[in-house]
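> Got a structure for you, questions after.
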Amino acid sequence: MREKKPIDLSRLATREPPQVYKELVAALVRAGALKEAVVSRKGLPFKLTNPVDVLTNTKISAKPYARVLVEHGARIAAAGHGSYLDGVLRALAERGITEATDFLLSLWDVRPPLSEGTLWLAGEALATINDKSADLRIIDLCRRHSGRSLKMLLRTLARRRRPEGFQVLIEKLADPELVGHAINALWKYGDPAALPHIERISTVPGTYAHREKAKALEKLRDGP
């Protein structure tokens, strides 16, 4: 069973949710999702009273509810309520929920743009779902966009070891928000052709990028 990352419920606790989110909750209940559950928070029982929160804060699989999450998630995004997508994205971050791939990829093109935090969750979900049929679309998405929302997807490019993905990783060395993760992905990709590109990168001692550069130079120079 996947390891889920709980949603921060405090951000939404004092708000009246929009109608599109209420419709998601109702649809999940109709589909049989648990309306309530009790979890432990700092050793104390904490009651969840929303099926989205139940899916993101327990080990219950979201697979039976993927269609509902995708359909209503798209409506929430289109209505401009990006902050209410976070629970949906956390729930969908489960290996094998490939029916969510198209929806997740579309989120980078939502206008007005979604927050970097929400897009990061979309990237994490795509990386976790691990839909190999989407490789070229993920490469294209990483080529067209920038910023920290792509961090998890760079790991996917390294794992797939496609030449097109390698070129995108080289390009991302120029992105200050991604340079450390691009270096990490390149040494995991394992092609020594990345060495001259990494050697040219200037990093600050003590940073993630600096540590990853040192590791990359060692591993790529030594070979497999």
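Residue-wise test of (1) touching an Asp or Glu at 6+ places or on another chain (Cβ under 9 Å); (2) not assigned by TED's automatic domain parsing to the domain that holds Leu69.
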residue	(1), (2)
Leu89	yes, no
Gly96	yes, no
Val110	no, no
His145	no, yes
Arg148	yes, yes
Met152	yes, yes
Arg160	yes, yes
Leu169	no, yes
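> Further question: Could you please let me know if Ile76 is surrounded by 20 or more Cβ atoms within 10 Å (Cβ to Cβ), modelled with pLDDT under 90 and of a type in the set (A, V, I, L, M)? Can you show your working first?
Values: surrounded by 20 or more Cβ atoms within 10 Å (Cβ to Cβ): yes; modelled with pLDDT under 90: no; of a type in the set (A, V, I, L, M): yes.
Judged against the criteria, Ile76 is not a match.
The values are calculated or read from the model by the stated rules, or taken from the named source; none is laboratory data. Fair warning: this is a prediction, and the values are worked out from it, not measured in the lab. Positions of Cβ are generated from backbone atoms using ideal geometry, with glycine treated the same way; all protein chains shown enter the neighbour counts.
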